[in-house]
Amino acid sequence: SQQGEEDPQALSIQEGENATMNCSYKTSINNLQWYRQNSGRGLVHLILIRSNEREKHSGRLRVTLDTSKKSSSLLITASRAADTASYFCATDANGNNRLAFGKGNQVVVIP
Amino acid sequence: KAGVTQTPRYLIKTRGQQVTLSCSPISGHRSVSWYQQTPGQGLQFLFEYFSETQRNKGNFPGRFSGRQFSNSRSEMNVSTLELGDSALYLCASSLGPQGNFPEAFFGQGTRLTVV
């Protein structure tokens, strides 16, 4: 079964707006990552947050992690058309030496 | 630095045939993992190789197998193809075992269609 599960709704936003998506997981983790995928191509690593971190920033990305609620959120600020993609969270599933992905959240940014 | 290279990019095979997919990791990366992506099941872990040894295996039938060579390149093989094997197969490389080096770098994938 999937460890990470994104909030299933698809997002359609205007360029310049912020996009927020959520991810929940079931077991304890050492870290959580977010990846982006464009049109069925390879995944691109965006950001990693460790279990002892609560928030992390990278450019226009902001990730939060709440281990008590077993959830994470990804915020993309000032979105651009190029941000149109599917976004996946992935956990290390309690150190099982594999990435467990959620089902993804599709974001469409309208120019 | 070249990224992860997967070949071929597209494949069409007939039920019952077998197929071999190839993955060349980023130079210096010694761990290679394989994932299957389908619309219904999403991204599912197949297996991980490190130093030519399979360290981890997902919940797939024995028709799915893989190996890693001394230069870290990896191949996966699917025998007796079924329609349900149609998917995007993604390879990811990392510096070392997933547990120690969680950040994975993915190739563009091989799109396999079984007819």
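Please treat every number below as a calculation from the coordinates, not as lab data. What you see is a predicted model; the values in this text were computed from it and never measured. Positions of Cβ are backbone-derived with ideal geometry, glycine not excepted, and every protein chain shown enters the neighbour counts.
The length gained on full extension between A:Val44 and A:Leu61, counted as 0.36 nm times the residue separation minus their Cα-Cα distance, comes to 4.7 nm. With the simple model of a label 7 Å out from the Cα in the direction of the Cβ, B:Arg73 to B:Arg9 spans 2.0 nm.
What does the charge count around B:Leu88 come to, taking other residues whose C-beta lies under 11 Å from its C-beta (Lys +1, Arg +1, Asp -1, Glu -1)? Here the charged neighbours net out to +3. Within the same chain, lysines fewer than 8 places from A:Lys103 are excluded, and of the rest, those with a Cα less than 18 Å from its Cα are A:Lys26, A:Lys70.
The length gained on full extension between B:Thr53 and B:Thr113, counted as 0.36 nm times the residue separation minus their Cα-Cα distance, comes to 18.7 nm.
When the Cα positions of A:Gly40, A:Thr67, A:Ala85 are compared along the charge dipole of chain A, A:Thr67 comes out farthest toward the positive end, with charges on each C-beta of Lys, Arg, Asp and Glu. Given +1 at the Cβ of Lys and Arg, -1 at the Cβ of Asp and Glu and no other charges, the dipole of segment A:47-111 around its Cα centre is 40 debye to the nearest 20. Inter-part distance, segment B:18-39 to segment A:73-111, computed on C-alpha centroids, equals 21 Å. Where the alpha-carbon atoms of the protein assembly as shown are placed on the principal axes, they occupy 48, 36, 35 Å, in descending order. Between A:Ser86, A:Ser28, A:Ser72, the residue with the greatest mean-square fluctuation in the GNM of chain A (Cα pairs under 10 Å linked by springs) is A:Ser28.
Over the whole of B:82-91, what's the average partner chain Cβ count within 10 Å per residue? Rounded to a whole number, please.
For peptide B:82-91, the averaged partner shielding equals 1.
About its Cα centre, the dipole of the protein assembly as shown is roughly 400 debye, where the only charges are +1 on Lys and Arg Cβ and -1 on Asp and Glu Cβ. Between A:Arg54 and B:Gln41, take the C-beta separation as r, use R0 = 35 Å, and let me know the FRET efficiency to the nearest 0.05. Taking R0 as 35 Å, the efficiency between A:Arg54 and B:Gln41 is 0.65.
All Cα-Cα distances of segment B:43-103, cut into 5 Å bins from zero to the largest, leave 4, 16, 28, 26, 15, 8, 3, 0 percent in each bin in turn.
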